[in-house]
Amino acid sequence: MDDDATQIEQVRRFNRTVTERVGVLHDHYLGRDRPIGEARLLWEIGERGRDVRWLRERLGLDSGYLSRLLRSLETAGLATVEPRPEDRRVRTVRLTDAGRAECALLDVRSDELAGSLLASLNTAQRARLVAAMGDVERLLTAATVTLDAVDPDHPDAEYCLRSYFTELRERFEAGFDPARSLLPDAGELRPPHGLFLLARLHGEPVGCAGLKLPPGAPAEIKRMWVAPRARRLGLGRRFLAEAEARAAQHGCEVLRLETNKALGAAISLYRSAGFQEIPAYNDELYAHHWFEKRITTAPSR
C-alpha cells in the first residue's frame with residue numbers, strides 16, 4: 001500500500017472511531033429528539049441569531065438541506081426564520097425561549113459526553129488526547145480554507161487590505177501610509193498586470209496576497225497578510241506556494257518580495273520557503289529586507 005492509500009485509510013479509520021464514540025450515528029443525539037445536524041444548527045444560531053447565508057457558509061450545507069433543518073426547528077418551536085426589515089432578501093434565524101433552553105441542555109450533555117471520553121484515561125493520556133485534538137482541529141481548519149483570485153476592489157479584498165494597513169501602522173516604528181508605498185494602486189494586482197489572491201475560512205475573508213506580473217521582469221509578491229485568527233494554519237506558506245505556481249505559469253523565473261524589519265515571523269517564513277536575501281531592488285520606503293527565489297517555469301501545453 002502506498003503512502004497516500006495508507007494515509008487515506010488512517011483518516012477513514014479515525015472518522016469511524018470518532019463518529020461512533022461521540023454518538024453521531026444516532027437519530028437521538030445526546031438523548032434528545034433530534035439528530036446531530038439539528039443540534040449543531042441550534043448551537044450555531046446561538047443567542048444573537050444568524051443569517052441563513054452565514055449558517056450555510058459556516059456549516060458547508062447546501063440550501064435545500066439547510067432549509068429542511070430549519071423547517072424542522074421551526075416546527076418544533078425552537079427557532080424562527082424571518083426576513084430582515086431593511087432587506088427582505090436576507091433571512092435571519094433566531095432561537096425561541098424553548099430553543100435557548102434546548103441549547104442550554106445540549107451544552108450540559110455535551111460536557112458530560114466530553115467528560116466520559118476522558119474519564120477512563122490517566123492524566124498523561126488525557127493530556128495527549130487533548131493535545132492531539134487541538135492539532136487535528138487546527139489541521140482540519142487549515143484544510144477548509146479556500147484560496148481564490150478576486151478583483152482587488154471586491155469587498156472581501158478591500159477588507160483584508162484595510163486590516164493589513166491597520167496592522168502595519170501599529171507595528172512599524174514610523175507607522176504606515178499606503179499612499180507612500182510603491183503600490184498605492186491595488187489595480188496593479190489585477191490581470192494582465194497581476195492578480196490578487198484571497199483566503200476565506202467558512203466564507204469569511206482571512207488573508208490576502210498580491211502578485212505583480214510585469215512583462216519581462218521578475219514576479220513580485222505584495223500585500224501578503226493573514227488575519228490573526230487564521231495564523232498557525234500554514235496559510236502564509238500556502239500563499240507563497242500559490243504565488244510561485246502562478247508566476248511559473250506566466251513564464252517567470254524569479255519571484256521577489258520585500259519586507260519590514262518589524263515582521264520577524266514573515267522574514268523567517270520567507271527564508272524557510274527558499275527565498276534568499278539580496279540587495280535592494282527598489283526604493284520601497286518601508287522595506288529593510290529584499291528577497292528573491294528562483295522558480296521552475298511551468299511547462300507549456
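Scale the Cα Rg of the chain by the rule-of-thumb value 2.2 N^0.38 Å and send over the ratio, two decimals.
Working: Rg = 23.9 Å, N = 301, 2.2 N^0.38 = 19.2 Å.
Taking N as the residue count of the chain, the ratio is 1.24.
Dipole magnitude of the range 114-247 about its Cα centre, charges +1 at Lys/Arg Cβ and -1 at Asp/Glu Cβ only, in debye to the nearest 20?
Here the range 114-247 has a charge dipole of around 560 debye.
Using θ = phi - 60° and the Karplus relation 6.51 cos²θ - 1.76 cosθ + 1.60, list the HN-Hα couplings for the range 256-262 in order, rounded to whole Hz, with x at every Gly or Pro.
For the range 256-262, the Karplus curve yields 10, 6, 10, 8, 9, 5, 6 Hz.
At 0.36 nm per residue, minus the direct Cα-Cα distance, what do Leu118 and Thr144 gain on full extension? Give it in nm, one decimal, please.
Once the chain is fully extended between Leu118 and Thr144, it gains 6.6 nm.
Give, rounded to the nearest 20 debye, the magnitude of the charge dipole that the chain has about its Cα centre when Lys and Arg contribute +1 at Cβ and Asp and Glu contribute -1 at Cβ.
That gives the chain a dipole magnitude of about 380 debye.
Between the range 33-58 and the range 208-241, how many Å separate their Cα centres?
After rounding, the separation between the Cα centres reads 33 Å.
Please calculate the 1.4 Å probe accessible area of Asp97, with all protein chains present, and give it to the nearest 10 Å².
The value for Asp97 is about 110 Å².
Positive end of the dipole of the range 106-203, charges at C-beta (+1 Lys, Arg; -1 Asp, Glu), about the Cα centre: which of Val145, Ala179, Asn122 has its Cα farthest in that direction?
Final value for the positive-end residue is Asn122.
Just the accessible area per residue of the range 132-257, please: how many Å² with a 1.4 Å probe?
Value returned for the range 132-257: 49 Å² of accessible area per residue.
Quick one: accessible surface of Val226, probe radius 1.4 Å, all protein chains present, in square angstrom to the nearest 10.
So the heavy atoms of Val226 present about 20 Å² to solvent.
Heavy-atom accessible area of Ser268 with all protein chains present, probe 1.4 Å, nearest 10 Å²?
The accessible area comes out at roughly 70 Å².
Once neighbouring chains are kept in place and the probe is 1.4 Å, which whole percent of the accessible area of the range 1-111 is contributed by carbon and sulfur?
Working: 3640 of 7530 Å².
Reported share for carbon and sulfur atoms: 48 percent.
Pick from Leu195, Leu70, Leu182: which residue has the top mean-square fluctuation in a GNM of the chain where Cα pairs under 10 Å get a spring?
Leu182
Need one number: nm distance between label points at Arg171 and Asp153, each 7 Å from Cα along Cα→Cβ, rounded to one decimal.
Using points 7 Å along Cα→Cβ, the separation is 2.9 nm.
Can you show me the helix-derived [θ] at 222 nm for the chain, built from DSSP H runs with n ≥ 4 at -39,500 (n - 2.57) apiece and divided by the number of residues, rounded to the nearest 500.
Values: 9 runs with 136 residues, N = 301.
My calculation for the chain gives -15000 deg cm²/dmol from helical runs alone.
Where in the chain are the helices, taken as whole DSSP H runs, whose Cα atoms extend 30 angstrom or more along the long axis and whose Kyte-Doolittle mean reaches at least 0.0?
Helices meeting the criterion: 97-119, 123-144.
The values are calculated or read from the model by the stated rules, or taken from the named source; none is laboratory data. As the structure is a computational prediction, the values presented were derived from the model and not from experiment. All Cβ positions, glycine included, derive from the backbone under ideal geometry; neighbour counts span all protein chains shown. Just the protein is used for accessible areas: all its heavy atoms, side chains included, with ligands, DNA and RNA removed. Shrake-Rupley method; radii C 1.70, N 1.55, O 1.52, S 1.80 Å.
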